[in-house]
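Engineer: Just passing along the structure, written as structure tokens.
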Amino acid sequence: MGMTKELIINSAWCKGCGICAAFCPKGALEIVNEKVRRKEGTDCILCGMCELRCPDYAIYIESKREESEQWVKSY
Amino acid sequence: MSVVSTGDVSEKTLQTSDLIYKYMRPEHLPQIWCPGCGNGTIMRDVVQAIDNLGLSRDKTVIVSGIGCSSRAAGYMDFDTIHTTHGRAIAFATGIKLANPELEVIVIAGDGDISAIGGNHLIHAARRNIGITVVVMNNNIYGMTGGQYSPTTPTGDYGTTAPYGNLDRSFDIAGLAYGAGASYAARGSVYHVRETIQLIQDGIRNIGFSIIDVASICPTYYGRKNKKGSAVDMLKWQKENAVTMEQAARMTDEQKKGKLIIGVLRQAQYPEFTYQYARLIARLAKEREE
Amino acid sequence: MGKVVLMQGNEACVEGAIAAGMRLYAGYPITPSTEIAEISALRLPQVGGTFIQMEDEIASIACAIGGSVAGTKSMTATSGPGFSLKQENLGYAALAEIPLVVVDVQRTGPSTGMPTSPSQGDMMMARWGTHGDHPVIALSPSSVEETYRLIIRAFNLSEKYRTPVLFMMDEIIGHLREGVTLPEEGSIEIEDRLTVRFPDPKRKAYEIKSGRFIPKMAPFGKGQRYNITGLMHDESGFPTNSPEVAEKLMSRLMHKISDHYDDIVQYEAVGMEDADVMIFCYGGTMRAAISAQEELRAQGKRCGIFRPITIWPFPERELRDFAPRLKKIVVAEHNYGQMVLEVERIAGKYCPVEFVGKYNGTVLTPQDIAKAVLGQEEGKEA
């Protein structure tokens with residue numbers, strides 16, 4: 001299996017400041033009810049700008065080898 | 001995209017990136033800082049710089065003072081000490097003297113480092129003791145609710161400057177430069193990659209280093225001065241930042257209101273603990289003879 | 001018997017500290033303690049230690065605390081105005097439980113006062129100077145030789161109980177030169193803090209256990225990776241606002257000292273076996289008291305001296321034992337009346353407590369004290 005990258009949001013830590021969404025080069029994030037989420041119909045290019053700027057470490061790109069992990073991802 | 005854990009809620013709150021997991025204390029996150037506060041980003045910049053340099057977590061010490069910035073120490077997974085207001089550099093000096101092999105990093109705010117702690121800043125710079133100071137400079141006293149600080153621009157508002165600040169403001173990196181710091185630089189919350197590089201270079205510098213990072217305080221400074229949201233404040237940094245090289249070609253008039261980032265000075269002076277170790281060795285040799 | 005050398009009090013303070021293991025001194029020049037800095041600057045690099053002259057008094061104590069946190073026995077010394085400036089960080093060291101020795105060579109105050117004149121005017125500041133409730137250990141030597149031995153004890157208590165120890169000298173002792181019999185090499189008892197040898201992430205830095213438990217200390221840089229703060233903290237060392245946790249912490253801090261009263265408190269009693277009058281004094285005042293007591297004994301007066309060596313915690317049990325059989329206690333000190341308040345509190349219900357003091361830069365003479373004992377005291381308002 002090759003490396004895969006994924007955008008992960010930890011809503012529990014998100015304070016809804018909107019920095020990630022504002023500086024996402026693809027406009028792929030939005031704030032709804034003071035929490036960030038992926039915006040439907042947009043592309044995330046996994047550039048990681050959101051991770052660099054998020055003051056609360058609530059959004060990040062995870063690289064992993066295996067698909068099956070302890071976390072179940074749902075979209 | 002959201003994540004659903006197979007475990008319980010407490011397990012889910014520990015979910016974080018490898019960088020944060022390795023260098024922070026996730027059980028104490030999320031931090032107490034307000035939404036959009038720049039301090040979290042600067043704290044991440046510091047651990048990213050530490051990771052890039054491959055520093056040992058066991059040989060790196062984080063020292064903080066008092067104020068919003070000072071809470072950083074508790075979140076970072078090193079030997080950490082949250083000291084008294086203004087005195088972080090003095091505590092850090094003692095740690096470095098006692099064990100010069102430690103990488104000692106001070107995280108401080110603008111009031112902490114340049115008002116109540118201003119004396120320690122200039123003398124640590126003069127002494128060129130090998131510690132690195134990262135300033136979370138948000139132009140305001142945030143923890144106490146928005147009083148003007150030594151870096152609040154003239155005319156701006158704070159709860160103790162209801163008619164506008166009459167004081168002139170400090171350039172902290174410039175102050176340290178003038179006092180003899182061997183590395184003085186200015187970064188910003190918006191310019192993440194550049195700031196990480198500046199912190200890295202500061203840590204690598206053998207003597208006293210300071211990286212004055214323009215933070216943002218949307219809650220107090222931003223609101224009092226109609227600077228808009230955290231996003232607006234970052235956009236301001238993006239649009240008004242000029243590099244040191246660009247600034248060198250600008251007139252004073254053109255530089256007004258600009259955020260000049262980059263390295264002010266990098267120079268080689270003998271570092272204090274190195275000098276002291278040499279003195280001890282010299283005396284030991286003289287006794288043998 | 002060890003070697004006899006002529007030493008100044010301030011010099012004995014440094015030599016004793018080095019013998020105790022002091023390897024970091026951070027200070028700022030101030031009369032009459034400056035020789036402590038000067039001699040430390042000369043001596044410490046000779047023994048592999050570090051001297052630093054910091055930019056001010058506050059930086060000096062902060063630097064010494066930092067050194068101790070990194071595992072080095074550290075000291076700072078000062079005098080009245082500097083002692084005032086150090087108070088905030090003294091409280092920090094008490095709450096964060098950092099071993100540290102702070103020397104105060106007292107001079108006449110308040111404010112800049114009379115910098116070259118002796119005083120014992122900082123005794124209550126030693127107890128209550130920093131804000132908030134906190135435990136304190138303070139010792140006071142009355143001779144140069146005792147300075148040497150007692151500063152070693154100051155370090156030992158500081159290490160053993162993880163607390164700052166105040167070493168309350170005065171200008172009389174600081175600048176006095178007399179013969180000191182140095183202890184034989186190897187005969188000095190040295191106490192070192194108990195340290196964490198193997199880092200354990202589950203370890204609680206400020207663990208509360210029953211009994212007289214004092215948590216071990218982890219020097220920075222050895223892998224324990226823990227947090228130290230001046231905020232009220234839980235057992236793991238992280239800030240808390242919980243009243244229950246704060247109360248437990250405060251209770252442990254205070255009991256840490258009070259439960260070890262017998263180990264910490266020392267005093268000297270001279271001629272107290274049959275005495276019906278007590279001269280209460282400490283530090284440099286002892287010298288005049290000895291002459292006064294000898295003179296009074298020669299006149300047939302049954303006079304004794306009680307001298308606390310440990311000032312805080314105050315030797316109240318011993319004083320309470322003596323008080324019921326006394327006709328009078330005369331408290332002699334170089335201030336407007338400080339420890340006399342403590343003596344009155346403890347002994348006042350058993351016998352009259354009188355005060356004889358000096359606060360004008362001069363010292364009490366044996367005659368001053370003898371007069372007070374005989375009841376011809378001029379009164380403190382005179």
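Engineer: Out of B:145, B:86, report the one residue that is on the phi > 0 side of the Ramachandran plot, within 15 Å of the chain's Cα centre (by Cα) and either part of a loop (DSSP other than H, G, I, E, B) or among the aliphatic types (A, V, I, L, M) (or both).
Structural biologist: Checking each option against the conditions leaves just B:86.
Engineer: Next question. Let me spell it out: the conditions are (1) over 14 Å from residue C:67 (Cα atoms); (2) among the small types (Gly, Ala, Ser); (3) more than 7 Å from chain C (Cβ to nearest Cβ), and residue B:73 meets all of them except one. Which number is the exception?
Structural biologist: (3)
Engineer: Same structure again: Are there any helices (runs of 4 or more DSSP H) wholly within the range B:209-289 with 3 or more residues that are within 17 Å of residue B:137 (Cα to Cα) and at pLDDT 95 or above, and if so which?
Structural biologist: Once the helices (runs of 4 or more DSSP H) in the range B:209-289 are filtered for at least 3 residues that are within 17 Å of residue B:137 (Cα to Cα) and at pLDDT 95 or above, what remains is B:230-240.
A quick yes/no check of all residues on (1) out of contact with any strand residue (DSSP E or B) (no Cβ under 6 Å at 6 or more places or on another chain); (2) part of a loop (DSSP other than H, G, I, E, B):
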{"position": "B:32", "(1), (2)": "yes, yes"}
{"position": "B:36", "(1), (2)": "yes, yes"}
{"position": "B:48", "(1), (2)": "yes, no"}
{"position": "B:63", "(1), (2)": "no, no"}
{"position": "B:73", "(1), (2)": "no, no"}
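Engineer: Could I ask something else about it? Tell me which residues, restricted to the range B:99-111, are touching a strand residue (DSSP E or B) at 6+ places or on another chain (Cβ under 8 Å) and under 21 Å from residue B:122 (Cα atoms).
Structural biologist: Listed by number, the residues that qualify are B:103, B:104, B:105, B:106, B:107, B:108, B:109, B:110, B:111.
Engineer: Hey, another quick one. I need a count of the residues in the range B:51-61 that are at positive phi and assigned to a helix (DSSP H, G or I).
Structural biologist: The number of residues fulfilling the criteria is 0.
Engineer: Whether any residue in the range C:286-304 is under 26 Å from the mean Cα position of the chain (by Cα) and farther than 29 Å from residue C:173 by Cβ is what I want to check.
Structural biologist: No; the residues of the range C:286-304 include none that is under 26 Å from the mean Cα position of the chain (by Cα) and farther than 29 Å from residue C:173 by Cβ.
Engineer: So in the range B:120-155, with the set limited to residues that are of a type in the set (S, T, N, Q) and touching a helix residue (DSSP H, G or I) at 6+ places or on another chain (Cβ under 7 Å), which one is farthest from residue B:71 (Cα to Cα)?
Structural biologist: Checked the range B:120-155; the qualifying residue farthest from residue B:71 (Cα to Cα) is B:128.
Engineer: Can you go through B:242, B:231 and tell me which one is more than 14 Å from chain A (Cβ to nearest Cβ), surrounded by 15 or more Cβ atoms within 10 Å (Cβ to Cβ) and β-branched (Val, Ile, Thr)?
Structural biologist: It is B:242.
Engineer: I would also like to ask the following. Taking the residues in the range B:76-102 that are within 7 Å of chain C (Cβ to nearest Cβ) and more than 22 Å from residue B:273 (Cβ to Cβ) as candidates, determine which candidate is surrounded by the most Cβ atoms within 10 Å (Cβ to Cβ).
Structural biologist: That would be B:82.
Engineer: While we're here: Could you grab me the full set of residues in the range C:205-228 that are under 21 Å from residue C:257 (Cβ atoms) and either of a type outside the set (A, V, I, L, M) or more than 13 Å from chain B (Cβ to nearest Cβ) (or both)?
Structural biologist: Scanning the range C:205-228 gives C:206, C:207, C:208, C:209, C:210, C:211, C:212, C:213, C:214, C:215, C:216.
Engineer: Also, I was wondering about something else. Kindly check whether there is at least one residue in the range C:43-59 that is of a type in the set (Gly, Ala, Ser), under 19 Å from residue C:106 (Cβ atoms), in the same structural domain as residue C:78 (by TED's automatic domain parsing) and under 22 Å from the mean Cα position of the chain (by Cα).
Structural biologist: no
Engineer: I need the full set of residues from the range B:193-213 which are within 14 Å of chain A (Cβ to nearest Cβ) and in contact with a strand residue (DSSP E or B) (Cβ under 8 Å, 6 or more places away or on another chain), in order please.
Structural biologist: Matches in the range B:193-213: B:194, B:195, B:199, B:213.
Engineer: A further question follows. Among the candidates C:130, C:116, single out the residue that is β-branched (Val, Ile, Thr), surrounded by fewer than 20 Cβ atoms within 10 Å (Cβ to Cβ) and more than 12 Å from the chain's Cα centre (by Cα).
Structural biologist: C:116
Engineer: When you scan the range A:25-51, how many residues do you find that are under 11 Å from the mean Cα position of the chain (by Cα) and closer than 18 Å to residue B:40 by Cα?
Structural biologist: 5
Engineer: Checking residue C:162 against (1) within 14 Å of chain B (Cβ to nearest Cβ); (2) modelled with pLDDT of 95 or more; (3) surrounded by 17 or more Cβ atoms within 10 Å (Cβ to Cβ); (4) touching a Pro at 6+ places or on another chain (Cβ under 9 Å), which test does it fail?
Structural biologist: (1)
Engineer: Does any residue in the range B:52-66 that is in contact (Cβ under 8 Å) with a residue 40 or more places away in the chain come within less than 9 Å, Cβ to Cβ, of a residue that is among the basic types (Lys, Arg) and part of a helix (DSSP H, G or I) six or more places away or on a different chain, and which pairs are these?
Structural biologist: Hits for this filter: B:53/B:204; B:61/B:96; B:64/B:71.
Engineer: Give the residue that is surrounded by the fewest Cβ atoms within 10 Å (Cβ to Cβ), with candidates limited to residues of the range B:21-46 that are β-branched (Val, Ile, Thr) and more than 10 Å from chain A (Cβ to nearest Cβ).
Structural biologist: B:32
Engineer: A further question on this structure: Under 6 Å between Cβ atoms, which residue pairs at least 6 apart in sequence (or on different chains) link something in the range C:67-94 that is away from chain B (no Cβ under 14 Å) with a partner that is of a type in the set (Gly, Ala, Ser)?
Structural biologist: Qualifying pairs under 6 Å: C:77/C:27; C:77/C:33; C:78/C:33; C:79/C:33; C:80/C:109.
Engineer: Something else about it: Might you let me know whether the range B:125-132 holds any residue that is assigned to a helix (DSSP H, G or I), within 30 Å of residue C:199 (Cβ to Cβ) and in contact (Cβ under 8 Å) with a residue 40 or more places away in the chain?
Structural biologist: Looking for residues that are assigned to a helix (DSSP H, G or I), within 30 Å of residue C:199 (Cβ to Cβ) and in contact (Cβ under 8 Å) with a residue 40 or more places away in the chain, one finds none in the range B:125-132, hence no.
Engineer: Would you point out which residue out of B:158, B:174, B:178 is without any contact (Cβ under 8 Å) to a residue 60 or more places away in the chain, of a type outside the set (Ser, Thr, Tyr) and either touching a helix residue (DSSP H, G or I) at 6+ places or on another chain (Cβ under 8 Å) or within 14 Å of residue B:114 (Cβ to Cβ) (or both)?
Structural biologist: Residue meeting the stated conditions: B:178.
The values are calculated or read from the model by the stated rules, or taken from the named source; none is laboratory data. Owing to the predicted nature of the structure, the values given are computational and were not obtained by experimental measurement. Don't worry about glycine lacking a Cβ; one is built from the backbone with ideal geometry, like all the others, and counts go over all protein chains shown.
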